[in-house]
Every structure is written in structure tokens, then in C-alpha cells.
Amino acid sequence: MNVIKMKKEDKKVNLGSGNVTTITQDKESSETHSMIKHKIFTGYIAKTKYYRNKGLFTILICRWKPKYDIFDPNYPKNHQWWTALSPPESTLKAIKSKEIDWVEYTHQYLNYLNSKFTKEGLIASLSKCADYYNKDLVLLCYEKDSNQCHRGLLAHWLNEILDEDSKIREYSEDEIQLRLF
């Protein structure tokens, strides 16, 4: 595992639902890193119970809480809700009302991420969460297709600095086989 040398500037960030974390900012690093002990995946929120049955810790990255109950009595032991990773409300409303297209949505969301987080700091926060619960993570939102969803954009944005073994990808049945070895 590589050690990351960062220019430290700690910043408290409210990730939503009372989850506050310290993110170490680093504006200068552009290396690829292997800094994750646990895997991080993305997934469709309707499969929450499936992911939990596979032993994954779920993090909702959507702006609004689901109308149906995907949570169990063990909340918050089994998930967290990081609304700060969802697109701004104005961007969501604009794409839903067709005021902007996918290209503009992508542009606005990536600008938002770059203004709020560093890739290294966010990966470190996700890694700390995975280490704390000693589980792989899955980042969940509402769109079934991650290619037309902010979770896919978030994964791509973070993957720019991760080595091949640490890349964030959509969870699939193939992961069951990969995790056994």
C-alpha cells in the first residue's frame, strides 16, 4: 500500500444526516494511489437489502430520503446518509425539468465536487468509514443505470487517482466470486 504525502489542511464537512467528518485537503497531488483496504462500489438504492445481505455497508448519496422503508431497526449501524455527495438541489431540479441536458448536469456536478472536496480527502473519508465498520462500502442512489447517474460520475471522478485494484465500480454478482479469493 502506498503512503500518501499530502499538504494537510483539515476541514470539517457535514456529509448530511448529522454525519460530520474531517477531510484532509490536498490540492497538489495528482498521483494514482492504492489507499483503500476495503472495496468501494456503487449501486442502485432499490437493492439496499441485497447489498446488506452480501455484507456491504451502505452509504446513501442521494439528496432526498426514500419514500419506502429500506432501513432496518439497526439504523444507523447498517448505513449512513451522505447528502453532501448528491448534486445540488438546483442541479437536480434542472435536469428533472429538462432545463439542462446530461452534459450540463455532468459539468455542474463535477464543478460542485471540485468546489467541496478533494479526491484524496473524500477517498480517505470513505476508507475511514469502511475501516470503522470493517466492511466494503456501496454508494447508493436512485437511478438504476449508473451511466446516467451521479454515482457513476462520482466513481469516475474518484477513480482518476486510484490504482486499478482500488477503482470504484458498480457492484455485480461477479463481485461475489472476486471477494471469495
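Taking the condition over 26 Å from K47 (Cα atoms) and touching a His at 6+ places or on another chain (Cβ under 7 Å), does D163 pass?
When the stated conditions are applied, D163 passes them.
Name the residue, out of L110, L154, that is of a type in the set (A, V, I, L, M) and buried (at least 18 other Cβ atoms within 10 Å of the Cβ).
Every option except L154 fails the conditions.
With the checklist (1) buried (at least 19 other Cβ atoms within 10 Å of the Cβ); (2) closer than 14 Å to L158 by Cβ in hand, flag the one item L140 doesn't pass.
That leaves (2) as the condition not met.
Here are some conditions: (1) modelled with pLDDT of 95 or more; (2) outside any loop (DSSP other than H, G, I, E, B); (3) out of contact with any Asp or Glu (no Cβ under 8 Å at 6 or more places or on another chain). K47 meets all but one. Which one does it not meet?
(1)
I'd like the residue in the range 124-145 that is within 12 Å of the chain's Cα centre (by Cα) and of a type in the set (S, T, Y) and, out of all such residues, is farthest from I36 (Cα to Cα).
S125
Looking at this structure, is K98 surrounded by fewer than 12 Cβ atoms within 10 Å (Cβ to Cβ), among the basic types (K, R) and at pLDDT below 90?
Considered against the rule, which asks whether it is surrounded by fewer than 12 Cβ atoms within 10 Å (Cβ to Cβ), among the basic types (K, R) and at pLDDT below 90, K98 comes out as no.
Do the conditions hold for T42, that is, is it touching a strand residue (DSSP E or B) at 6+ places or on another chain (Cβ under 8 Å) and modelled with pLDDT of 95 or more? Spell out the reasoning first.
Details: touching a strand residue (DSSP E or B) at 6+ places or on another chain (Cβ under 8 Å): yes; modelled with pLDDT of 95 or more: yes.
Spelling it out, T42 is indeed touching a strand residue (DSSP E or B) at 6+ places or on another chain (Cβ under 8 Å) and modelled with pLDDT of 95 or more.
Run down Y109, Y132, Y105 and say which single residue is under 15 Å from L158 (Cα atoms) and assigned to a helix (DSSP H, G or I).
Result of the check over Y109, Y132, Y105: Y109.
Please work out which one of (1) at pLDDT 65 or above; (2) outside any helix (DSSP H, G or I) is the condition M35 fails and give its number.
For M35, the failing item is (1).
The values are calculated or read from the model by the stated rules, or taken from the named source; none is laboratory data. Remember, it's a predicted structure, so these values are computed and weren't measured experimentally. Counting neighbours? That spans all protein chains shown, and the Cβs are built from the backbone with ideal geometry, glycine included.
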